1. Out of the residues in the range 208-226 that are over 16 Å from the mean Cα position of the chain (by Cα) and not small (Gly, Ala, Ser), state the one that is farthest from HIS51 (Cα to Cα).
2. Working only within the range 159-206, note down all residues that are modelled with pLDDT of 70 or more and among the hydroxyl-bearing types (Ser, Thr, Tyr).
3. Cβ contacts < 9 Å: first residue outside any loop (DSSP other than H, G, I, E, B), restricted to the range 13-35; second residue at pLDDT below 60, any location; separation 6+ or different chain. Result?
4. Being aliphatic (A, V, I, L, M) and part of a strand (DSSP E or B) is the filter here, so list the residues in the range 56-88 that pass it.
5. Could you list, in sequence order, all residues of the range 123-174 that are of a type in the set (D, E, K, R) and either touching a strand residue (DSSP E or B) at 6+ places or on another chain (Cβ under 8 Å) or surrounded by fewer than 24 Cβ atoms within 10 Å (Cβ to Cβ) (or both)?
6. List pairs: first residue in the range 200-216 and touching a residue at least 40 places away in the same chain (Cβ under 8 Å), second residue aliphatic (A, V, I, L, M) and assigned to a helix (DSSP H, G or I) anywhere in the structure, Cβ distance under 7 angstrom, at least six positions apart or on different chains.
7. Pairs needed: first member in the range 63-75, touching a residue at least 12 places away in the same chain (Cβ under 8 Å); second member anywhere, of a type in the set (Lys, Arg) and part of a loop (DSSP other than H, G, I, E, B); C-beta distance under 7 Å; at least 6 residues apart or different chains.
8. Being at pLDDT 90 or above, buried (at least 22 other Cβ atoms within 10 Å of the Cβ) and of a type in the set (A, V, I, L, M), is that true of even one residue in the range 11-27?
Amino acid sequence: MWHFGVIGGLGLLLQTATAGHGETVDILLCLAADVSESVTPSEYDLQKRGHASALEAPEVVSLVMAGPHGKIAVLYIEWADQDQQFTGMDWQVVDGVSSARDVAARIRNSPSPPWIGRSVRNTSISEVVQFCLRRFRTAPATARRMVIDISSDGTNNVGRHIAEVRDLALSQGVVINALAIEDSRAPFPDGTHTRPIGGLVDYFRTNVVGGPGSFVHVAKGYASFGEMIRKKFILELARLP
């Protein structure tokens, strides 16, 4: 079910996905964490704690404060199937050590999605990209740079074709970066979802990421997630004009 209502759906997104309003920040950053069926409870915790710790890391906060406006706005989303997108933390502005710690605490203490225990949770990267595009409009700030930061251990296996939605995002000036999580303890016997032909990094590079300065990082299992997401934030912030 790759294609449905493409023209009408894309037209709606073109109308709704715009930068926010209010104060000016350097980046509107939508953090999108995969919590689909291939993610175990322990991996879920590692991913949530990794995002939180990375945002309050001293080197990350220093780069935020060194930007042209000295602040960014962050949104934290957990996602799986087409109808499974959960705002763990709504838009928050990070402009220094105190606000970074507050945002990190909000992510750590955010509730789990109400559907997290369902036995079937597919992986719709395309739907969470569309969700982030809509949420950029609700941001309490405006930025010239909008970034969707995908972390996932598998391919898009339900919903619209991801390359189609990626191209829509790029047409609106949105950058998509990705952290490919390899060596997941996936419950799928054939492994093609988490270990596609050519590798997960190549899959993300070919189908998911795009925009000026876009990139794919790789984490070797969830144990290294926190360290790699921190390095990912550093790279994103270091590319500010």
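1. Result: PRO212.
2. Correct list: SER171, THR192, THR194, TYR203, THR206.
3. LEU28/ALA19; LEU28/GLY20
4. Filtering the range 56-88 down to residues aliphatic (A, V, I, L, M) leaves 57, 60-61, 63-66, 72-75, 77, 80.
Within the range 56-88, ILE72, ALA73, VAL74, LEU75, ILE77 meet the criteria.
5. Taking the range 123-174 and keeping what is of a type in the set (D, E, K, R), we get 127, 134-135, 137, 144-145, 149, 153, 160, 164, 166-167.
Matches in the range 123-174: GLU127, ARG134, ARG135, ARG137, ARG144, ARG145, ASP149, ASP153, GLU164, ARG166, ASP167.
6. ASN207/ILE162; ASN207/ALA163; VAL208/ILE125; VAL208/ILE162; GLY210/LEU170; GLY211/LEU170
7. VAL64/LYS71
8. Kept after step one, since they are at pLDDT 90 or above, are these residues of the range 11-27: 23-27.
Subsequent filtering for residues that are buried (at least 22 other Cβ atoms within 10 Å of the Cβ) retains 25-27.
Filter once more, keeping what is of a type in the set (A, V, I, L, M): 25, 27.
Looking through the range 11-27, at least one residue is at pLDDT 90 or above, buried (at least 22 other Cβ atoms within 10 Å of the Cβ) and of a type in the set (A, V, I, L, M).
The values are calculated or read from the model by the stated rules, or taken from the named source; none is laboratory data. Values in this document were obtained by computation on a predicted structure and should not be read as measured data. Positions of Cβ are backbone-derived with ideal geometry, glycine not excepted, and every protein chain shown enters the neighbour counts.
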